[in-house]
Amino acid sequence: MSPPPDEVPGRSGAAAFFDLDKTIIAGSSALAFSRPFLQQGLITRRSALRSAYAQLLLLLSGADADTMDELRRRLTALCTGWDVAQVNAIVSETLHEVVRPMVYAEAAELIALHRAAGDEVVVVSASGSEVVGPISAMVGADRYVATEMAVEDGRYTGEIAYYCYGEEKAAAAAAIARERGYRLEDCFAYTDSITDLPLLEAVGHPVVVNPDRGLRRVAVERGWPVRQFVAPVPLRSKLRSRGPATVLAIGVGAAIALGGALVLGRRRPSFARSA
């Protein structure tokens with residue numbers, strides 16, 4: 001049984017790495033913006049229905065590699081040729097409406113505890129930076145690492161320049177630890193998916209949240225804490241009840257996982273990116 005939130009052994013001089021989907025927010029950030037994209041004409045009603053079906057698959061089966069690959073294929077087909085400026089505008093205009101009701105109250109509380117302890121909160125997500133950046137800035141996340149889509153002439157090509165997934169999440173955590181002088185054995189990682197096992201293994205304090213079947217099995221075998229987050233609440237209500245400090249406490253990243261096949265010679269992001 002995992003310790004209650006007020007017993008999290010956070011400490012100054014370490015980082016807490018958070019996955020996004022089903023860890024900080026309920027559901028898939030990659031599909032959360034289907035409605036505003038439909039309203040703005042980026043996708044058709046049929047595509048929106050397919051996105052809803054993909055969301056159901058994700059919720060029922062967990063974000064295993066096959067599910068992520070299927071979502072990535074669908075989203076790549078949708079986004080190829082989209083105007084980047086239009087996507088950014090839609091995300092900016094609908095950010096609060098779309099993301100706020102999806103935030104887990106338990107995650108917000110946990111992140112607040114890490115920040116109060118002096119830990120740096122970092123969102124590491126396979127979702128795209130188009131939304132990770134704005135949301136992280138809005139809620140006060142210290143930093144984020146996200147997928148970067150290839151762009152040509154202001155439009156998405158459908159290829160990925162950098163994919164923050166699997167082993168890449170562990171590599172990102174290690175790079176940040178080196179840069180900031182953290183010991184990975186002092187750091188925390190929170191995620192729901194077996195695909196993030198490399199990240200969990202890289203830190204000294206792995207915690208699984210709403211785990212899929214594969215990750216739950218590993219957690220039981222290794223004695224890792226398991227937490228169930230069940231209460232997504234509007235972010236505004238958390239801010240009203242907790243005050244300005246909570247704004248800086250919630251490290252949320254959400255994004256458009258605009259996947260596709262990894263391109264050779266992919267561009268590495270700067271892990272010094274601040275929200």
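Observations
- Summarising the amide proton neighbourhood of ALA16: residues at separation of 5 or more, or on other chains, whose placed amide H is nearer than 5 Å comprise GLU120, VAL121, VAL122, PHE188.
- Neighbour counts of C-beta atoms inside 10 Å place VAL132, VAL103, VAL151 in the sequence VAL151, VAL103, VAL132, starting with the fewest.
- Taking amide H as placed 1.01 Å from N in the peptide plane, ALA161 has its amide H under 5 Å from the amide H of GLU148, MET149, ALA150, each at least 5 places away in sequence or on another chain.
- Across segment 18-26, rounded Karplus estimates of 3J(HN,Hα) from the backbone phi angles (6.51 cos²θ - 1.76 cosθ + 1.60, θ = phi - 60°) give 10, 5, 9, 5, 6, 10, 9, 10, 7 Hz, Gly and Pro being marked x.
- Estimated vicinal HN-Hα couplings, Hz - segment 116-133 in sequence order (Karplus 6.51, -1.76, 1.60; Gly, Pro = x): 5, 7, x, 6, 8, 8, 10, 8, 10, 9, 6, 6, x, 5, 4, 10, 4, x
- Shape class of segment 156-227 from the Cα gyration tensor (axes a ≥ b ≥ c, square roots of the eigenvalues): oblate, since a/c reaches 1.5 or more and a/b does not exceed b/c.
- The stretch between ARG217 and VAL230, if pulled fully straight at 0.36 nm per residue, gains 2.7 nm over its current Cα-Cα span.
- Amide H contacts of ALA231 (H built 1.01 Å from N, under 5 Å, at least 5 apart or other chain): ALA105, GLU106
- Once the chain from GLU167 to HIS96 is taken as fully extended at 0.36 nm per residue, the excess over their C-alpha distance is 22.4 nm.
- Hz values of 3J(HN,Hα) by residue in segment 81-92 - Karplus curve (6.51, -1.76, 1.60), Gly and Pro given as x: x, 5, 7, 4, 4, 5, 4, 4, 5, 5, 4, 4
Since every read-out is calculated from the coordinates, none of them should be taken as a lab result. Computed from a prediction, not measured in an experiment: that's the story for all the values here. Backbone-built Cβ (ideal geometry, glycine too); neighbour counts: all protein chains shown.
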